[in-house]
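A.B. asks: Quick one: the structure is below, questions incoming.
Coordinate-derived values only; no laboratory data. Owing to the predicted nature of the structure, the values given are computational and were not obtained by experimental measurement. Counting neighbours? That spans all protein chains shown, and the Cβs are built from the backbone with ideal geometry, glycine included.
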Amino acid sequence: MLEVTKYTRDVLLEIAKKKKIYVEGNFLKILKAPADDPEFQKYLELCKEKDSSARRKRLEVTKQVQEQNKKLEEANVINASLVLELQNRMEEVEAAKAEAETLRDKAMEDLDTLQKRTQFELINLIVRVALWVILGVGLLTTILYIYVLSANLDSTIIETTWSNLFGILLTNSFSIVGTIMGVKYATDKSN
């Protein structure tokens, strides 16, 4: 134990009276009041009560902090599981989105193939009909021209008509083929 000198005693009592500051902590355990000084004994008892009260308050605060930390840790675990679940949902959404895009691309490709096939069939039909018309008109005109020549009829009008008709048929056939090739080139996406 540590005996307190008169000067130290007076300083401690004055600080307690004026500034309400008391000795606390483990230092109180080694302080000893002289037996003939009841005022300093009361001071030390008051210091011990205040120290005990402060320790109780600190203990309560510590318990509150520990309780809050425990709740925060539980909330953190719940939060982490929610974040993980959210990430899993996001991955599922991304996968569904990628699948939908794949299906859309496949449908677009099928539609494009169907359109090209329909265009190709239509072009084939137009070319066949045009060739049959050109061939039919050409054959009919040639047969008529041969008939006029063999019958010894006046063929001057038929000669120029036959020549003009073959020129027009030839021009129209090239025009049809050119138009078809232009449409095919314009609708071809690879070029």
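A.B. asks: Name the long-range amide H neighbours of L31: under 5 Å, sequence gap of 5 or more, or other chain; modelled H, no Pro or chain starts.
C.D. replies: Those lying under 5 Å, H to H, from L31 are L2.
A.B. asks: Another question, if that's okay. Would you mind counting up the charge near V93? Only other residues with Cβ under 13 Å from its Cβ, with Lys and Arg at +1 and Asp and Glu at -1. Working shown, then result.
C.D. replies: Working: positive: R89, K97; negative: E85, E91, E92, E94, E99, E101.
With Lys, Arg at +1 and Asp, Glu at -1, the net is -4.
A.B. asks: Work the Kirkwood hydrodynamic radius out for the chain: mean of 1/r over every pair of different alpha-carbon atoms, inverted, in Å.
C.D. replies: Result for the chain stands at 28.7 Å.
A.B. asks: Cross-link candidates for K18: which lysines have Cα within less than 30 Å, leaving aside residues fewer than 8 places away along the same chain?
C.D. replies: Output for K18: K6, K29, K32, K42, K48, K50, K57.
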